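Asks: Sharing a structure here in structure tokens format.
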Amino acid sequence: MSNYVVAFRGQPSRTTSAEGEQAWGAWFGQLGPAITDRGNRVGATRTLTAEHRGDPRTAVLSGYFVIEADDLDAAAGLAAGCPGLADGVDVEVAEVVPS
């Protein structure tokens, strides 16, 4: 089992309805013990872009948490239930590399 960061990227002006907040809470409940670090929403952000990246995207980091899964496919499968995917939020899943 490995840990995976599940990060969310959305528009800075995005707001969530009460119904949307409930959907997020229900999804967190379904993930249960797979969540090893409940993470946080984030405030001010800065995007550093690599050379030759092309036009920067307008989306910014809006939150993250850490889950435990057998592999990247399993982690992505858990992340696929994110209610934000239907509401303009991209989800990135990345393996945590132990230091």
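Bear in mind that the values in this text are calculations on the coordinates, not laboratory data. Since we're looking at a predicted model, the values are computed, not measured. Please note: Cβ atoms are built from the backbone with ideal geometry, for glycine as well, and neighbour counts cover all protein chains shown.
Asks: Please give the peptides 63-75, 7-19 ranked by average Cβ packing (other Cβ atoms within 10 Å per residue), highest first, as a rough proxy for protection.
Replies: Details: 63-75: 16.5, 7-19: 13.1.
So the peptides 63-75, 7-19, ranked by packing, come out 63-75, 7-19.
Asks: Can you compute the FRET efficiency between residue 11 and residue 73 using 1/(1 + (r/R0)^6), with r the Cβ-Cβ distance and R0 = 41 Å? Round to the nearest 0.05.
Replies: On the way: r = 28 Å, r/R0 = 0.69.
It comes out at approximately 0.90.
Asks: Could I ask something else about it? When the chain is fully extended, how far beyond the present Cα-Cα distance does residue 60 get from residue 85, taking 0.36 nm per residue of separation?
Replies: Details: separation 25, 0.36 × 25 = 9.00 nm, distance 1.48 nm.
Extending this stretch completely gives an extra 7.5 nm.
Asks: Here's another thing I want to ask about it. Say R0 is 35 Å: what FRET efficiency, to the nearest 0.05, do residue 21 and residue 1 get from their beta-carbon distance?
Replies: Numbers: r = 30 Å, r/R0 = 0.85.
Efficiency computed from Cβ-Cβ geometry: 0.75.
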